[in-house]
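Following: one structure in structure tokens, then a few remarks.
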Amino acid sequence: MARTVIKAGTVVTATETWDADVLIDGEKVAAIEAAGSHSWETGADAVIDAEGKYVIPGGIDVHTHFELPFGSTFVSDSFETGTRAAAHGGTTSIIDFAVQVKGERIMDGYETWMNKADGNCAVDYGFHMIAGDVNDDSLKAMDALVGEGVTSFKLFMAYPGVLYSDDGEIFRAMQQSAENGTMIMMHAENGLAIDVLREQAVARGETAPKYHTVTRPPSTESEAVFRAVALAELAGAPLYVVHMSAKEAVAELTRARERGLNVFGETCPQYLFLNWEDHVAAPGFEGAKYVCSTPIRPLAEGHQEYLWNALARDDLQVVSTDHAGFFYDDDETMGRQKRLGEDNFTLIPNGLPGVEERLNLMYQGGVVEGRISLNRWVDLCATTPAKMFGMFPAKGTIAVGSDADIIVYDPGAAFTYTADTIHMNIDYTAYEGIEIRGKPEIVMSRGKVIVDNDSYVGRKGDGRYVKRGMSQMLR
Ligand SMILES: [Zn+2]
């Protein structure tokens, strides 16, 4: 068993910041002590000098989509390329979504996704299950999956005819989750109303990417959040609303939390850094790069500042990415992706790449620019995600007995995101030109260094499936 000492760094967790050395024995943290109070370096296999650096728990991205079919194409990142890019960005665990579509059995979808990931991941991984066809067999499968470490189920109020569930189906799944203790995750948008708006827009000749946002106004998100909360309360189930982008929707969630309900919400960097005016409504077809659902909203409406404040106030609990990249220009291997919607925005595959940039963006926009504390940064990107989805304290913190998923983070590093320097399998970054101060110097997954100063030194298959327990956020 290899013994590694990370010395002279500043250890940062969700609750504490202190100067300490960390001893890693094999895959776990063995001890944390003040510098000079021990003689660990004698007999250690490796010593990492972290002076002037932060020593933080590895990032956890609880919302990624790798190898996901979307319409006639696939998300461009495989589990191999996606998790390697995650590692470069300081994310050492991801939770992806296994999918059941209409007419399929849940357990078959679960097996399919387990096979896609098996032996391919650079970092540890788990699965949520998308229940796209709620029926008696699906409800039984929800119980069976708990034993497999799948303790969260995602439902869609959007995408009629594809993944959409009606209120009765949603309510039945919520009752099942109330009974078996699992978490319901919700894509909260009124998909039926949105489809009407989209059809009408296209009929008027409004086919540019910018109409993607216009046809998904804030009320379609806030109405769905209100309805999801009401159904969850009626069923007695916990609720986690994914990728929130409208301030009106977050306000609905906050009202429910103030009433003491077990409801939670996440947002993503695209809603905190990008906007409709400059990105989605950019000239030509450029806006297709920023088409995702829920949509990126107008800066003028004040959503962005509201979301940052919601993160600081704990009205939102998690920052994930909803990573789902599609090539902007036709790709030799992946073919036509974003350009499928060149003449009609409704045909643009929905999603943005981002699994690589999250930790650095949140450090820059949050800590450097003074919107959240250093500890809150760790909390939003690692600790609460681990607790929310039953992985704590093995993941999400640095403590004796925790997995040694550790980032030595250099707050003095400076760089700019460009399409040429990212590691995801895609031809653009949504954060082109954004200047970042701070960067992972060493990325360690269960005691093994997998990224060393920008070089990937791990191996495909290093990542292990994480059997998750129940959410540790429920009261
Ligand atoms: Zn998603």
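The values are calculated or read from the model by the stated rules, or taken from the named source; none is laboratory data. None of the values given here were measured: they were computed from a predicted structure. Neighbour counts run over all protein chains shown; Cβ positions are idealised from the backbone, glycine included. The area values use the complete protein model at the heavy-atom level, side chains included, leaving out ligands, DNA and RNA. Shrake-Rupley method; radii C 1.70, N 1.55, O 1.52, S 1.80 Å.
Could you grab the relative contact order for the stretch 112-216? Cα pairs under 8 Å, six or more apart, rounded to a whole percent.
24
Quick one: which of Lys395/Lys467; Lys247/Lys395; Lys102/Lys154 span more than 23 angstrom between C-alpha atoms? Walk me through the numbers on the way to the answer.
Working: Lys395/Lys467 12 Å; Lys247/Lys395 31 Å; Lys102/Lys154 14 Å.
As for pairs spanning more than 23 Å Cα to Cα, those are Lys247/Lys395.
For the stretch 146-276, which whole percent of the accessible surface, found with a 1.4 angstrom probe, sits on carbon and sulfur atoms? Working shown, then result.
Working: 2340 of 4360 Å².
Summing carbon and sulfur atoms, their accessible area is 54 percent of the total for the stretch 146-276.
Lys289: which lysines have alpha carbons under 21 Å from its alpha carbon, excluding same-chain residues fewer than 8 sequence positions away?
Hits, sequence-local ones excluded: Lys210, Lys338.
Mind grabbing the accessible area of Asp45 for me, 1.4 Å probe, Å², rounded to tens?
110
Among all stretches of the chain without exposed GluC sites (Glu not before Pro) (DSSP loop, at most 11 other Cβ atoms within 10 Å), which one is longest?
52-331
How far apart, in nm, are two points set 7 Å out from the Cα along the Cα-to-Cβ line at Val196 and at Ala251?
Computed distance between label sites Val196 and Ala251 equals 2.3 nm.
In nm, what is the difference between 0.36 nm times the number of residues separating Gln175 and Ala31 and their Cα-Cα distance?
Stretched out fully, the Gln175 to Ala31 stretch lengthens by 47.5 nm.
Of all the accessible heavy-atom surface of the stretch 284-433, with the other protein chains kept in place and a 1.4 Å probe, what percent is carbon and sulfur? Could the numbers behind the result be given before it?
Values: 2100 of 4570 Å².
Ligands and nucleic acids excluded, carbon and sulfur reach 46 percent.
Quickly work out the Ala230-to-Glu305 label distance, labels modelled 7 Å from Cα along the C-beta direction, and quote it in nm with one decimal.
3.2
Leaving ligands and nucleic acids out of the surface, order Met244, Met470 by accessible area at 1.4 Å, largest first.
I get Met470, Met244, largest accessible area first.
So for each of 411-418, 347-354 I average, over its residues, the number of other beta carbons within 10 Å; can you give me the resulting order with the highest mean first?
Details: 411-418: 14.0, 347-354: 23.5.
Taking the mean over residues of other Cβ atoms within 10 Å, the ranking is 347-354, 411-418.
Hey, how many Å between the Cα centroid of the stretch 279-351 and the Cα centroid of the stretch 363-408?
25
Using a 1.4 Å probe and counting only protein heavy atoms, arrange Lys460, Lys154, Lys467 so the residue with the most accessible area comes first.
From most accessible down to least: Lys467, Lys460, Lys154.
Output ³J(HN,Hα) for the stretch 202-212: one whole-Hz value per residue in order, computed from phi by the Karplus curve 6.51 cos²θ - 1.76 cosθ + 1.60 with θ = phi - 60°, and x for Gly and Pro.
Karplus values, whole Hz, x for Gly and Pro: 4, 4, 7, x, 8, 10, 6, x, 4, 6, 4.
Hey, which of these cross-link pairs are over 29 Å Cα-Cα: Lys28/Lys439; Lys53/Lys116; Lys387/Lys460?
Listed pairs above 29 Å: Lys53/Lys116.
With a cap of 16 neighbouring Cβ atoms within 10 Å, and only residues DSSP puts in a loop, list the trypsin sites (Lys or Arg not before Pro) found in the stretch 258-331. List each step's numbers first, then the result.
Values: sites: Arg259, Lys289, Arg313; in loops: Arg259.
Listed in order of number, the matching sites are Arg259.
List, in order, the whole-Hz ³J(HN,Hα) value for each residue of the stretch 100-112 obtained from phi through the Karplus relation with A = 6.51, B = -1.76, C = 1.60 and θ = phi - 60°; use x for Gly and Pro.
Listing the rounded values in order: 10, 9, 3, x, 9, 8, 4, 5, 5, x, 4, 4, 4 Hz.
Tell me, what HN-Hα J-couplings in whole Hz come from the Karplus equation 6.51 cos²θ - 1.76 cosθ + 1.60 at θ = phi - 60° for each residue of the stretch 239-246, using x for Gly and Pro?
9, 10, 8, 7, 5, 7, 10, 9
Rounded to the nearest 0.05, what FRET efficiency do Asp329 and Arg475 have when you use their Cβ-Cβ distance and R0 = 56 Å? Can you show the working numbers first?
Working: r = 49 Å, r/R0 = 0.87.
It comes to 0.70.
Using 7 Å Cα-to-Cβ label points, what is the Ser72/Asn453 separation (nm, one decimal)?
4.8
Taking H as built 1.01 Å from N, whose amide H comes closer than 5 Å to the amide H of His63, not counting residues under 5 places away?
Distant-sequence amide H within range of His63: Ile95, Thr321, Asp322.
Send over a whole-number figure in Å² for the accessible area per residue of the chain, probe 1.4 Å.
Details: 16690 Å² over 475 residues.
Counting only protein heavy atoms, the per-residue value for the chain is 35 Å².
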